[in-house]
1. Counting helices only, and only those DSSP H runs with n ≥ 4, report the 222 nm mean residue ellipticity of the chain as the sum of -39,500 (n - 2.57) divided by its residues, in deg cm²/dmol to the nearest 500.
2. List the lysines whose alpha-carbon lies under 20 Å from that of residue 13, not counting same-chain residues fewer than 8 positions away?
3. Assign one of three labels to the chain, namely rounded, prolate or oblate, based on the Cα gyration tensor with a ≥ b ≥ c the square roots of its eigenvalues; rounded applies when a/c is under 1.5, prolate when it is not and a/b is larger than b/c, and oblate otherwise.
4. May I ask which residue of 39, 61, 7 lies farthest towards the positive end of the charge dipole of the chain, with charges of +1 (Lys, Arg) and -1 (Asp, Glu) on Cβ and the Cα centre as origin?
5. With every protein chain present, what is the per residue accessible area of the chain (1.4 Å probe, Å²)?
6. To the nearest 20 Debye, how big is the dipole of the range 2-70 about its Cα centre, given +1 on the beta carbon of each Lys and Arg and -1 on that of each Asp and Glu?
Amino acid sequence: MKANKIIEMSQEKSRQKVKLAMEEIQRMRNEGERITVSGLCKRTGLSNSFFYRNEKIKEEVHKAVENEHRRSGTP
C-alpha cells in the first residue's frame, strides 16, 4: 500500500511539472519570447535534464523552436 501511494505521488508531481512546462512554453510563445531550455529552466525552476528527458516536453520545445525559425526565416 505504501509503495502505491509513493508511486501515485511521484506521478502526480511529474504531471504537475509537465503542466508547468507546457504553460510556460505557451506563455513564452504568446509573449514572442525566444524559447530555449535555459530560459524555461529559469522561468519554471525545473532542471534542464527534465526538458531533455521528458519526451512530450522535448518535442514541444522542438516544435516551438521550429516555429520560431519559420516565422523569422532562419534556417
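The values are calculated or read from the model by the stated rules, or taken from the named source; none is laboratory data. Bear in mind that the values here come from a model prediction, so they are computed numbers and not experimental data. Methodologically, a virtual Cβ is constructed for each residue, glycine included, from the backbone with ideal geometry; neighbour enumeration extends over all protein chains shown. Heads up: the accessible areas ignore ligands, DNA and RNA and are worked out on the full protein's heavy atoms, side chains in. Shrake-Rupley method; radii C 1.70, N 1.55, O 1.52, S 1.80 Å.
1. -26500 deg cm²/dmol
2. Cα-Cα hits under 20 Å: 2, 5, 42, 56, 58.
3. It comes out prolate by the Cα gyration axes.
4. 7
5. 75 Å²
6. The dipole of the range 2-70 has a size of about 280 debye.
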